[in-house]
Amino acid sequence: MWSESYANRLQAWNLLRDRCRDLPLDPALIAINQWWHTAPVTVRTVIWEHHTDWPDPWRLLAQDRLCDLARALGMLYTVMMTEHFEIVDCQLAQTDHDNLVLVNQGKYILNWHPDQIVNIPSQAQQVHRSLNSAEFVHHTR
């Protein structure tokens, strides 16, 4: 549940990352997806055109409400910082469907549905823009 307090959100996020590090990959990604889907939704807190100015994970957690893209960004940061041994790569992608997080060359898709990760070929998605997690490493240190 998305706490009203930044301190509580930060603590819950740290616990999520610690728990997911030791889970098998599928349940870890489901937990990350579900956790970020508890954030209250608003319109446009971040936009693609200003990706160089996007908030780091801590500033993102400080926001009381997130747009769909900000929620996906939070998922990407969490996947990156969990450092799960089975994660090879991840990217944030704007598709026909939504703003999605593609893990392991798109084998796993987050931010599609609140209660599940999707395991469909990413080629089925028309990707309009994407950013690799390597472009966000400086945000997570």
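Since every read-out is calculated from the coordinates, none of them should be taken as a lab result. Keep in mind that what you see is a predicted model, and the values were worked out from it rather than measured. Don't worry about glycine lacking a Cβ; one is built from the backbone with ideal geometry, like all the others, and counts go over all protein chains shown.
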**Prompt:** Quick one: Thr95, Thr82, fewest Cβ neighbours within 10 Å first, how do they rank?
**Reply:** Thr95, Thr82
**Item:** Asp115/Val137 FRET efficiency (R0 25 Å; Cβ-Cβ; nearest 0.05)
**Value:** 0.25
**Prompt:** Near Thr45, within a Cβ-to-Cβ distance under 13 Å, what is the net charge of the other residues, with Lys and Arg +1 and Asp and Glu -1?
**Reply:** +1
**Radius 14 Å from Cβ of Cys67, net charge of other residues (Lys, Arg +1; Asp, Glu -1)** = -1
**Asked** Between Ser3 and Val88, what FRET efficiency follows from the Cβ-Cβ distance if R0 is 22 Å, with the result rounded to 0.05?
**Response** 0.10
**Request:** In whole angstrom, note down how far apart the Cα centers of the range 72-128 and the range 4-22 are.
**Result:** 20 Å
**Prompt:** What does the helix-only formula give at 222 nm for the chain: each DSSP H stretch with n ≥ 4 adding -39500 (n - 2.57), the total divided by the residues, and the result rounded to the nearest 500 deg cm²/dmol?
**Reply:** -10500 deg cm²/dmol
**Prompt:** Given a cut-off of under 8 Å on Cα pairs at least six residues apart, what relative contact order in percent is computed for the chain?
**Reply:** 23 percent
**Request:** Under 12 Å from the Cβ of Trp35, count the other residues' Cβ atoms, weight Lys and Arg +1, Asp and Glu -1, and hand me the total.
**Result:** +3
